[in-house]
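Since every read-out is calculated from the coordinates, none of them should be taken as a lab result. Keep in mind it's a predicted model, so treat the numbers as computed, not measured. FYI the Cβ positions are ideal-geometry reconstructions off the backbone, even for glycines, and counts take in every protein chain you see.
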Amino acid sequence: MNLKRGNLIMVKIFIDAGHGGSDSGAIGNGLKEKEINLAIALDLREILNHKYKGHAIQLSRTTDQFLSLKQRTDIANQWKADYLISIHINAGGGEGFESFTYSGNYANKRKTNQLRGFIHDAIIKETGFMDRGKKEANFHMLRESRMSAILTESGFIDYQRDANMLKQKAFIHRIALGHAKGLATALGLRRKMGIKLGPVISILLKKGIHFGHLLKNIIRQLTVYWN
Ligand SMILES: [Zn+2]
């Protein structure tokens, strides 16, 4: 599943912001689904690249652009992504969050549902959305992608309370953060060094350890990290 580059394992993540261009997706409460999907996708990429490493990311779109479903899965398949995540907002009566994997029979179904579990749970935890459950469906993005895939539906655009949350940039960030944390757990992404070393240095300084010792500890930390 993983692509080895040197001694680093690269996980290729394909992020699909649903709809776009002439296809606005669901509309409600002054919101357009295509815009929210894109905002979440761009923020998700930002968080993954800022906090984690060992992965490569490709987005289906980074602007308000129309792409057919086939174009999207073609790009992911040609790129040989290891994992596909398709981001959507729900509509049609209801509230809360649900996720989908492919309902058919396929080789890595168990693994796909296992990975989805991490992502689903992380999003519920981060957003506090009502949990509508882990579901399966015969969606193009899930069926035609050759790698494990998940489709997320983060709230209902036509439900006032969900829509009020979706209007807040801070809440969009929470959705993206939930997606990022879940992906990191599911795909085993490593945290970036800077975040880990900060606390180590401050603890060493507080303990009054002299500089030579501090350097040795930093080097030891780096060695552990790189091994
Ligand atoms: Zn949609």
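General remarks:
- Taken over the range 16-60, residues that are in a helix (DSSP H, G or I) and within 14 Å of the chain's Cα centre (by Cα) amount to 15.
- Any hit, the range 68-75, residues being in contact with an Asp or Glu (Cβ under 6 Å, 6 or more places away or on another chain), among the basic types (Lys, Arg) and buried (at least 22 other Cβ atoms within 10 Å of the Cβ): yes
- For the range 143-153, the criterion of being in contact with a Leu (Cβ under 9 Å, 6 or more places away or on another chain) and assigned to a helix (DSSP H, G or I) is satisfied by no residue at all.
- Exactly one residue out of Gly133, Gly93, Gly128 is on the phi > 0 side of the Ramachandran plot and in contact with a His (Cβ under 9 Å, 6 or more places away or on another chain), and it is Gly133.
- When we screen Arg132, Arg72 for residues that are in contact (Cβ under 8 Å) with a residue 60 or more places away in the chain, within 16 Å of the ligand (Cβ to nearest atom) and among the basic types (Lys, Arg), the only hit is Arg72.
- Scanning the range 88-129 for residues that are outside any helix (DSSP H, G or I) and touching a Phe, Trp or Tyr at 6+ places or on another chain (Cβ under 7 Å) yields a total of 8.
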